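Chemist: First the structure, then my questions, so here it is.
The values are calculated or read from the model by the stated rules, or taken from the named source; none is laboratory data. Since the model is a prediction, treat every value here as computed from it, not as a measurement. For neighbour counting, all protein chains shown are included, and Cβ atoms are generated from backbone atoms with ideal geometry for every residue, glycine included. These accessible areas exclude ligands, DNA and RNA; they are computed on the full protein's heavy atoms, side chains included. Shrake-Rupley method; radii C 1.70, N 1.55, O 1.52, S 1.80 Å.
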Amino acid sequence: MDLETIFPAADRFELSMRLNNVMASPGFGAWLENRSTFNGCCTHARDGRGYPSSRLLIYPTPSECSFCNHAVERSDCVDAFTSRARSSLRALLYMDEVFGYFPPTANPPSKTPMLTLLEQARAYGLGCVLATQNPVDLDYKGLSNAGTWFLGRLQTERDKARVLDGLEGASSTAGVTFDRQRTEAILSGLGNRVFLMNNVHDDAPTVFQTRWALSYLRGPLTRAQIETLMESRRAAAAELGEGAASFSRAAVTAGASGGIRPVVPPGIEELFLAPSRTVGEGPLMYRPALFGLARVHYVSSPANVDSWETAAMLVSAADGLPDDVWAEADSLDYDSLSFEPAPVGEAQFADLPSELTQSRNYSSWKTALKNALYRDRSLSLYECKALKEKSAAGETEGDFRVRLKQRAFETRDIEVEKLRQKYAPKLASLEERIRKAEQRVEKEKEQVSHQTLSTAMSIGTTLLGALLGRKMVSATNMSRAATSVRSATKIAKEKSDVTQAQENVETLRQQLAELEQQFQTDTETLKASFDGDSLEIAELPIKPRKSDLTVEQVALVWTPWHVGANGLAEPAFDARR
């Protein structure tokens, strides 16, 4: 049978991870490399002679011990240690945070040997020092066997009563007078780093203050201290040039030296992005990234849109993944992407973040990608309300403006023709009125001429009849003279009608000129409103349909980078949209 049948890849990976956890555990390294605790190394030299001065052996029993994960196991360790620690008069057993190992009521495995040491170890030259923050953590028998007490300020009455009872009992055993009220007052008023020491060999307790101790193990650093420590590093980084960790920058700092290809657990899809360009002669390094592929459907009946889009997203994981994984993802052109089944040549690999090695994370990242695309993704269309036109899916703004210009020219010609048809009846009406008014003027002029001629003939006839007739003044002559006078009066009236008709013609001609000017102005305004360069275009975003949004792939992708001689790395791919 082949290896996969006997020992599948998932089982092999689980075994390798368990072995790796054991070999890489700091606690396991201590068990392999440290000397035995129980071979007398803390009290004797290798040649068997005793040390002229004390040695210090620190034996961790709290939760820092990797192999003492349970309280009973830690107590067993203390039992094993204290049962074998008795030797010559050269050792001091110091145990910090004794809570739980020497309680007054319970009986853990460590209690019996510790009580034995407190009662009998002094006879074998072994001193015991127990430290705790609460006196009630210690058994009363142990308190009575302690010859020297160092007491700090006690907060509760119960702690004071327990300590005072123990001090009073120890003083009675040693035959020393004990002032309970004075001791209680001292314990209540102790300050920082001030202690009350009670020694059974002294007549009374002593108050003392500890000295400052110099320690190179500094606690949490402040912001100012961190800034001071980083000044030299910041100056060195400035000499090399500023790096970048995102795909949107031209060059990034190479960071730690590359290593071998990390092991990817089964069930996680692993891809290698093919290099698309050469940016240098340096070695090729692969950096981890998270790749997501989805299909997005845009639908809008008012915009007449029904379009599908392939969304390819890439998130750099060189410095770990952010909390919102897809918030700063780069959008890639999927058609230009090219993946390979294996790395190119002898490439180096950057460290793989632990979150990318857990297969359960990829399911949550798929859901997060779907939510991010629905929230942030949109299809940008362009709309011109003046022409009631919308761009098509995938049409750029420049192409849309070119199409709008042609549409504007056609619409302008149509609107100008409509305007001309609107003004044509008015212009024709005025022209007809002007024509009739001019005919009226000609008619009035003819009437004036006719009346003038008729009047002249009437006056001539009257004068001749008066001169040649029998009588100068007669009824006939008087009648003819009156008719001539009336004819002369009609001539003046006809001339007035001619003047009025001419004024009417001028008024109509003025109205015609004004109407033509208005038509010209409206035409220019209409043409300006349909100028293709001045048309207002608004962006019209179309949200995707969530029910059709499908995430097809979320995988680990190794992206190629070239590391130059200056220590800077530049991407060997260019697939951004």
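Chemist: Would you work out which of GLY100, THR228, GLN120 lies farthest towards the positive end of the dipole of region 99-232, given +1 charges on the beta-carbon of Lys and Arg and -1 on that of Asp and Glu, about the Cα centre?
Modeler: So the residue we want is THR228.
Chemist: Determine, for each peptide in 330-339, 551-560, the mean count of other beta carbons within 10 angstrom over its residues, then list the peptides with the highest first.
Modeler: Taking the mean over residues of other Cβ atoms within 10 Å, the ranking is 551-560, 330-339.
Chemist: May I ask for the distance between the Cα centers of region 4-20 and region 89-139, given as a whole number of Å?
Modeler: Using only Cα atoms to place each centre, the spacing works out to 46 Å.
Chemist: Can you tell me which aspartates and glutamates have their Cα less than 13 Å from the Cα of LYS527? Leave out same-chain residues fewer than eight positions away.
Modeler: Filter leaves GLU410, ASP413, GLU415, GLU417.
Chemist: In the structure shown, do any of LYS366/LYS546; LYS388/LYS546; LYS366/LYS390 have a Cα-Cα gap over 24 Å, and if so which?
Modeler: Details: LYS366/LYS546 14 Å; LYS388/LYS546 28 Å; LYS366/LYS390 34 Å.
In this structure, LYS388/LYS546; LYS366/LYS390 exceed 24 Å between Cα atoms.
Chemist: In addition: If you plug each phi of region 325-338 into the Karplus form 6.51 cos²θ - 1.76 cosθ + 1.60 with θ = phi - 60°, what whole-Hz ³J(HN,Hα) values come out, in order, with x for Gly and Pro?
Modeler: 4, 9, 5, 10, 6, 8, 8, 10, 8, 5, 5, 8, 7, 9
Chemist: Something else about it: At 1.4 Å probe size, with the rest of the protein present, what percent of the exposed accessible area of region 308-428 is carbon and sulfur atoms? Show your work: numbers first, answer last.
Modeler: Values: 3300 of 7120 Å².
Within region 308-428, the accessible surface is 46 percent carbon and sulfur.
Chemist: At a 10 angstrom cut-off on C-beta neighbours, averaged per residue, how do the peptides 536-543, 105-112 rank from highest to lowest? The partial results should precede the final answer.
Modeler: Working: 536-543: 12.9, 105-112: 15.2.
Output ranking for 536-543, 105-112: 105-112, 536-543.
Chemist: If you don't mind, another one. Taking a spot 7 Å from the Cα of VAL263 along the direction of its beta carbon, which residues of region 1-17 have an amide N less than 15 Å from it?
Modeler: Only 7-17 pass the distance filter.
Chemist: Students often check this: by mean Cβ neighbours within 10 Å, which of 220-231, 361-372, 432-443 ranks highest, and how do the rest follow? Can you show the working numbers first?
Modeler: On the way: 220-231: 9.6, 361-372: 16.7, 432-443: 14.8.
The most tightly packed comes first, giving 361-372, 432-443, 220-231.
Chemist: Right, another one. If you count only protein heavy atoms and use a 1.4 Å probe, how large is the accessible surface of ILE6, to the nearest 10 Å²?
Modeler: Here the accessible area works out near 110 Å².
Chemist: Just to confirm, what accessible area per residue do you get for region 323-389 at 1.4 Å probe, in whole Å²? Write down the numbers at each step before the final one.
Modeler: Details: 4040 Å² over 67 residues.
Per residue, region 323-389 has an accessible area of 60 Å².
Chemist: Now a separate question. Which shape class applies to region 151-208: rounded if a/c is under 1.5, otherwise prolate when a/b exceeds b/c and oblate if not, where a ≥ b ≥ c are the square roots of the Cα gyration tensor eigenvalues?
Modeler: oblate
Chemist: Hey, any idea what % of region 508-547's accessible area is carbon plus sulfur with a 1.4 Å probe? The partial results should precede the final answer.
Modeler: On the way: 1240 of 2660 Å².
Carbon with sulfur: 47 percent of the solvent-accessible area.
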